[in-house]
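A.B. asks: Below is the structure I would like to discuss, written out as structure tokens.
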Amino acid sequence: MDQTDQWVPAMPRLAAQARAAARALARSSTATRDAALRHAAQALRDRQGEILAANARDLDASTATASFRDRLTLTPARVEAMARGLEDIAALPDPVGRVLADWTRPNGLRIRRVATPVGVIGMIYESRPNVGADAAGLCIKSGNAVILRGGSESLHSARAIHGAMAAGLRAAGLPEDAVQIAPDSDRRHVADMLTASGLIDLIIPRGGKSLVERVQREARVPVLSHAEGLCHTYVHAAADPAMARGLVVNAKMRRTGICGATETLLIDAAVAPTLLPAIVADLAARGCTFHADARARAILPDLPPATEADFATEWLDAVLSIAVVDGVEDALAHIARYGSAHTEAIVTEMRRPRHSS
């Protein structure tokens, strides 16, 4: 390596600053942390123009697919959603000091298990810049400092959002170092975070399967991770047809590039002949394409056939896998075989019987 390009890790410095801030945050009152969140929400609104301009720089530099650009894009409505999200977090009960268990030993010794902050959390995420505000808000609420490392494609947006979070902390009299951000887009910051044992207490990855797998493989710090978002919507035989059509379109097409979007439609054989053509027409009119099993193709022969791999694929795009199933148990079996235990939905009008006491 050229002597002029010696890598100087930023994580030891950021983590030391975060650790000091975490101690102050853990000792702060509920009212103070909630005030920081509300001030940060207002800062997001006040700095909307700055945030959108930063996001425009990221978008101008992006050559990614349409679904990826959607994840990257901020709008006035999405900035407002970030602000409301912080206010919603502020309104939640304080998790710090919550008694998790309380018991007394035979000798009279009373033992209590009480929730306390973790310390310093490292948040590694990809293209969605709003994740930075969400993660910072949850960490502030729970008394934890956080070091954010967003995707290189959202660097300018992440910096602008971080500025609003820092302003909220400052306005509430809390240390700004409680929320920090990697100084640049260098990928070596990720490796440094993953190996920062003793500096960072917990790593949380938020992104696609490859990111999560890398974090799980390389981390020397405890990891709290999620699976990919291979989500299913099951249309039950008792579903209201109009409601089912509306919900499926929303679940699939509202934002195709997020991990909570429906990737597979399961439809009950009892209603598939009449309802599936309408659902497919609704989705196709919005640009969706399909992979369908043999039973769905018996109803709509023009649908492309689905392979085994298709049902195990998180599309993150306007693509939907379709299978016809025989009732709830068959739907659950399909989900157990292919799903990621992220998010599933059932559309039905059936009511659970009430049991007399």
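The values are calculated or read from the model by the stated rules, or taken from the named source; none is laboratory data. Everything quoted here is computed from the prediction, not taken from an experiment. Here the Cβ positions follow ideal geometry from the backbone for every residue, glycine too, while neighbour counts run over all protein chains shown.
A.B. asks: Filter the range 241-278 down to the residues that are among the hydroxyl-bearing types (S, T, Y) and surrounded by fewer than 14 Cβ atoms within 10 Å (Cβ to Cβ) and list them by number.
C.D. replies: Once the filter is applied, which keeps residues that are among the hydroxyl-bearing types (S, T, Y) and surrounded by fewer than 14 Cβ atoms within 10 Å (Cβ to Cβ), the range 241-278 yields only T274.
A.B. asks: Counting just the residues of the range 68-90 that are free of Cβ contacts under 8 Å to residues at least 40 places away in the same chain and part of a loop (DSSP other than H, G, I, E, B), which one comes out surrounded by the fewest Cβ atoms within 10 Å (Cβ to Cβ)?
C.D. replies: Here the answer is T75.
A.B. asks: Next question, about the same structure. Give me a count of the residues in the range 133-153 that are modelled with pLDDT of 95 or more and either among the polar types (S, T, N, Q) or not in a strand (DSSP E or B) (or both).
C.D. replies: Of the residues in that region, 12 qualify.
A.B. asks: To continue, here is another question. Select from the range 102-127 the residues that are part of a loop (DSSP other than H, G, I, E, B) and of a type in the set (V, I, T) and write down the one among them that is surrounded by the fewest Cβ atoms within 10 Å (Cβ to Cβ).
C.D. replies: T116
A.B. asks: Taking the range 294-326 as the search range and keeping residues that are in a helix (DSSP H, G or I) and modelled with pLDDT of 95 or more, which one is farthest from A237 (Cα to Cα)?
C.D. replies: So the residue we want is D310.
A.B. asks: Being of a type in the set (A, V, I, L, M, F, W, C), farther than 30 Å from P117 by Cβ and surrounded by 20 or more Cβ atoms within 10 Å (Cβ to Cβ) narrows it down to one of L230, L199, so name that one.
C.D. replies: L230
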